[in-house]
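Colleague: Mind having a look at this structure? Questions to follow.
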Amino acid sequence: MYRFFADVLVVLHFLFILFVVAGGILVLHRPRWAILHLPAVIWGAAVEFCGWICPLTPLENYCRRQAFGAGYSGDFIEHYLLPLIYPENMTMRIQYILGGLVIVVNLVFYFLIWRKRRIRQQV
């Protein structure tokens, strides 16, 4: 059961990362998503810039430790998602770059949202 919870946490973590990076697409179509997206972007960038650990990580590690030795080894999540979420050789420089990318990508999305609203107001 702990292995299942750990896998669910990895999927949630991955979906949160996708939301942080690309959630602006949702906001383009439904501006109310900004209420959730902007705090997520701030959190995601802060985690990268400050070198913090997301609270999902220790929880996932706890579940993995509890499931140690149970069940089969290796699965889709461990093979494909974990390396995306926890890349090897992560340095502070890479974290700064990732944090900067989060900000730049989302500035582009929010600029498009602002432009779309401005065009609507002019019509």
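The values are calculated or read from the model by the stated rules, or taken from the named source; none is laboratory data. Worth saying up front: this structure is predicted, and the values here are computed from it rather than measured. All Cβ positions, glycine included, derive from the backbone under ideal geometry; neighbour counts span all protein chains shown. In case anyone asks, the SASA skips ligands and DNA or RNA and just uses the protein heavy atoms, side chains included. Shrake-Rupley method; radii C 1.70, N 1.55, O 1.52, S 1.80 Å.
Colleague: Go over the candidates Pro83, Pro39 one by one and state the one that is of a type outside the set (Ser, Thr, Tyr), at pLDDT 85 or above and either open to solvent by 50 Å² or more (accessible area, probe 1.4 Å) or not in a helix (DSSP H, G or I) (or both). Reasoning before the result, please.
Modeller: Values: Pro83 fails: at pLDDT 85 or above.
Step by step, each of Pro83, Pro39 is checked, and only Pro39 is of a type outside the set (Ser, Thr, Tyr), at pLDDT 85 or above and either open to solvent by 50 Å² or more (accessible area, probe 1.4 Å) or not in a helix (DSSP H, G or I) (or both).
Colleague: Further, regarding this structure: Give the residue that is modelled with the highest pLDDT, with candidates limited to residues of region 42-77 that are among the polar types (S, T, N, Q) and open to solvent by 40 Å² or more (accessible area, probe 1.4 Å).
Modeller: Looking at the filtered set, the residue picked out is Gln66.
Colleague: Give region 85-123 a look and list any residue that's under 18 Å from Leu28 (Cβ atoms), touching a residue at least 60 places away in the same chain (Cβ under 8 Å) and β-branched (Val, Ile, Thr), or say none.
Modeller: Selection gives Val102, Ile103, Val105, Val108, Ile113.
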